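Since the structure comes first, as structure tokens, the remarks are kept for the end.
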Amino acid sequence: MGVRLIKISVVYFLIGVGLGMYMSMAHNYTLTGVHVHINLLGWASMGLAGIYYHLFPQAGESKIGTAHFWLHNIGLPIMMIGLAALVLGNASFEPVVAVGGTITTLGIILFVVNILVNVKSVGR
Ligand code: HEM
Ligand code: HEM
């Protein structure tokens, strides 16, 4: 899971920074919330989780790690597409943001439990 998360995180980095460049050039900050969460939940959080899972394979290879991976990777795109549509004026997308945000949050709760339970210092 570590390597996969690290690779997915750089794709979010490219999209997030690309969106930041677009917002700057267009002087249009409507999508700031999307930019922020693509960078922080996609690039930063997934990248960090990937490094943790690589450092602590017991956590990266656990069932709860797999569940975190899928919830985070299914929830975030749903939340981002919903949020983009919402801030661009489609009020009907609010439930999509809620569903995506809830799935992502459940994934992050599992990540927290996984780190607390499965990360152990190696005795030397
Ligand atoms: C070339 C790269 C980037 C560009 C051109 C860019 C551009 C922007 C722009 C235009 C805004 C809106 C500012 C405003 O509303 O006044 C913004 C906000 C923000 N960006 Fe970026 N960004 C970049 C990379 C990143 C990265 C890598 C992160 C985080 C890992 C990030 C985090 C944020 C945050 C948290 C805000 C909201 C700031 C606030 O609430 O005041 N940005 N960015
Ligand atoms: C599923 C998890 C999350 C949800 C549902 C969520 C939701 C929200 C909401 C509703 C806002 C207010 C948006 C607005 O008024 O435009 C917000 C703003 C913000 N969030 Fe999150 N958030 C999440 C995770 C995170 C994480 C992990 C970070 C940082 C690592 C973060 C950083 C920010 C920042 C910097 C802003 C201010 C953005 C701005 O200036 O427009 N969020 N978030």
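The values are calculated or read from the model by the stated rules, or taken from the named source; none is laboratory data. All values derive from a computational prediction rather than experimental measurement. Using ideal geometry, Cβ is built from the backbone for each residue, glycine included, and neighbour counts are taken over all protein chains shown. Side chains included, ligands, DNA and RNA excluded: accessible areas come from the protein's heavy atoms. Shrake-Rupley method; radii C 1.70, N 1.55, O 1.52, S 1.80 Å.
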Of the residues in segment 82-107, how many are more than 16 Å from ligand 1 (Cβ to nearest atom) and in contact with a helix residue (DSSP H, G or I) (Cβ under 7 Å, 6 or more places away or on another chain)?
14
Return a yes/no flag: does segment 60-67 have any residue that is closer than 18 Å to VAL36 by Cβ and open to solvent by less than 60 Å² (accessible area, probe 1.4 Å).
no
For residues in segment 34-43 being closer than 16 Å to VAL87 by Cα and open to solvent by 30 Å² or more (accessible area, probe 1.4 Å), which is farthest from ligand 1 (Cβ to nearest atom)?
HIS37
Here the residues within segment 18-41 that are in contact (Cβ under 8 Å) with a residue 24 or more places away in the chain and either more than 10 Å from ligand 2 (Cβ to nearest atom) or not in a helix (DSSP H, G or I) (or both) are THR30, LEU31, ILE38
Hey, can you tell me all the residues within segment 44-59 that are near ligand 2 (Cβ under 10 Å from one of its atoms) and open to solvent by 90 Å² or more (accessible area, probe 1.4 Å)?
LEU48
In segment 1-25, what residues are within 11 Å of ligand 1 (Cβ to nearest atom), open to solvent by less than 60 Å² (accessible area, probe 1.4 Å) and farther than 18 Å from ALA85 by Cβ?
SER9, TYR12, GLY18, GLY20
